[in-house]
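For reference, the structure discussed in these notes is given below.
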Amino acid sequence: MLKFDHVSKRYPDAGDALLDVSFHLQQGEMAFLTGHSGAGKSTLLKLIAMMERCSRGHIVFDGQNLNKVSSKQIPYIRRKLGLIFQDNKLLQDRTIFDNVALPLVVSGFGHHEIARKVRAALDKVGLLGKEKKYPTALSGGEQQRVGIARAVINKPQLILADEPTGNLDPELSVEVMRLFEQFQTVGVSVLVASHDVGLLTQMGHRVLKLEHGVLKTASP
Amino acid sequence: MKNTVYSHNSRQSRSFTDKLQAYLYLHAHSLFSSLGRLFRNPFTMSMTIVVMAIAISLASGFYLLIANVQQLTRSIESSNQISLFLKSSVGDRAGEQLADEIRKNPRLQQVIFISKAQALKEFKTYSGFGEALDVLESNPLPMVIQILPSHSLDDMQGIESLLAEFNQLPQVDFTQMDMQWVERLQSMMEIMQRGAALLSTLLGFAVLFITGNSIRLELQNRCDEVQIAKLVGATHAFIQRPFLYAGFWLGFLSGILACLLVALMMSVLQQPIERLSFLYDGAFHILYLSFTETMALLAITSSLGILGAWGVLHYQLKQINPE
C-alpha cells in the first residue's frame, strides 16, 4: 500500500530532515507517526502528498513509484489521499457543503452525486444539517470534523493526518481517533502524525517514532 | 448509513454523459461565478475596465477616423479633373473653338470653357481679393478649359496619355491635374494607417498587461483557495479556469465600453464632419463601427483578456504550492 524504501530528504539549508527511512504500511492498517517537533513528521507526510520530493530512496504508493510521477500527474495521486491538517485548511468564505464538496468538484462529479455524497460524509462525522453554515459558526472540534469529511469524501486509499488533535481537548481527540478507526475498518489505511504520546498508547496501534529524521521504532 | 461513503462505489459506474454534464456544468459555473466575483469588487473592476476601454477606444477610434478620411479621399479621387491653361496670345473665340473641338473627344464626359472675364468674375467672388484686382490695368487671368474624363478612364495610364495629348496642342500653355494633391493625401494616409497599426499593437499590449496584472492580484487574494484546491487534487486546468473566464469578462466588458466610447466620440465629431461633407457636395457620410467590426473588436478584446490571464497563470500558478 505505502512503502518507504531507504528514503532520505535533505534540504539545502537545513540539512537532513529524513535519513534512510524504511517502513511498510499495509492496506487497512492504522499507524501513528510520532517524535519531537522537527523530527521530520511533517516532511514525511509532505513526501507522500507530493508537496516535496525525496532526495534518495523510493516511495511506492498504491503500486506507483512517486519518484516517477510527473508534476502533471500529482493531482491524480492526491485524489487517492485524504489530507487532514491541524489548522483544518477550510475555506472560510464557503459553506460547509462547499468545503466538503471540493474534492468531488475538482474530480468532475455531477452535482446530484456531489449532494448525495456530501450528506453521507457529513452524516458520518455527525454534522448533518450544518451544510449551509460557514466554518466560523462551528466549534474547533466541528471544524476538524468538517476537514475529516472533506478528506474522506472521495474514498481515499490512505488518510494522512498531521496533528489532527493538536487544537482539541483530550475527549474530542479520542473521538476523532475513533472516527479514523472506523475508516480503517472499511479498508482505508490511516497514518496519523501526533506528538500526543498519551493518546497513542491509549489507542494501541503501530507507532513509527522519528528522532532527528531517523526512524527509531516501527512497532507499538 | 454510517458506511454509505465507502460501501457504494459508484466511481466506475459514472457514464460518459454524466461526466460531460459535470464538465459543462463546471464551465458554466466558472463563467458566471467569475463574473460574480468581479462584481464583488465593483470599484476595482470598474477602474480596470475603464482604463482598458480607454486604451481600446483610442485604437479603434483612430482606426475609424482613418476609415472616414479614406472615404473622403475616395470621393475626391473620383473627380480627377484636368485643367488646360491657354496661352495669353489665344483670343476668346479661338479658345471657344478649341473647347468645341475637344468636346468631340469621346473619352471625356464634360468640357467647360472659362473665358478671361468669367475667370475674373469667379475669382472676385470666391477669393476675396476682388478689389486688389481692380488696381490692375489688364486681366491677368488665363483662359481655362476644364475637362472631366469619362469613368472608363479611371486608371492613371489613360489619364496620363490624355494629358500628353493636350500638352501637344499649340494653344495650351500648361495642363494641371487635381490628382496630385490627392496622391499626396493618400501617401499621408498610408503613414497614418501604419501609425494606427503601431498604436493598436501598443494598446493591445497594454490591455494584455492590465488584464494580466488584475488576474495576478486576484490570484494573490485567492492564494489559500488555490493551495487547498491543489491539495485535494485539482489540476492546473481546473484551477485556472475561473481566472481565464475572469480575463475573458474583463476583455469583453471593456470592449463593450470601448464601443460605446467610440460611438460617443463619433457623435461629437458628427457635426463638423457633416459640414465638411456638405462642402464636398455631400459625397460622403460619417462611418460608425459596423456590426461585423464591433463583433471583431469584442472578439479581439476578449481574446486579449484570456491571453493576458493565461500568461500570468502559466507562470504564477506553478509558484503557488501548498505549504
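The values are calculated or read from the model by the stated rules, or taken from the named source; none is laboratory data. Since the structure is predicted, the reported quantities are computational estimates derived from the model, not experimental observations. As a convention, Cβ positions derive from the backbone with ideal geometry for all residues, glycine included, and neighbour counts pool all protein chains shown.
Here are the numbers for the structure shown:
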| quantity | calculated |
| --- | --- |
| Test for B:L219: is it under 30 Å from A:V146 (Cβ atoms) and away from chain A (no Cβ under 14 Å) | yes |
| In region A:29-46, the residues that are of a type outside the set (D, E, K, R), out of contact with any helix residue (DSSP H, G or I) (no Cβ under 6 Å at 6 or more places or on another chain) and in a loop (DSSP other than H, G, I, E, B) | A:H36, A:S37, A:G38, A:A39, A:G40 |
| Test: residue in region A:66-77 that is within 14 Å of another protein chain (Cβ to nearest Cβ) and within 30 Å of A:S139 (Cα to Cα) | no |
| Lone unmet requirement of (1) under 45 Å from the mean Cα position of the chain (by Cα); (2) more than 30 Å from B:G158 (Cα to Cα); (3) modelled with pLDDT under 85 for B:S75 | (2) |
| Count of region B:218-239 residues which are without any contact (Cβ under 8 Å) to a residue 24 or more places away in the chain and over 14 Å from B:S34 (Cβ atoms) | 8 |
| Criterion: within 26 Å of A:F109 (Cα to Cα) and either out of contact with any Gly (no Cβ under 6 Å at 6 or more places or on another chain) or small (G, A, S) (or both) - qualifying residue of B:L231, B:L217 | B:L231 |
| Tally, over region A:1-28, of residues that are in a loop (DSSP other than H, G, I, E, B), at pLDDT below 90 and of a type in the set (G, A, S) | 1 |
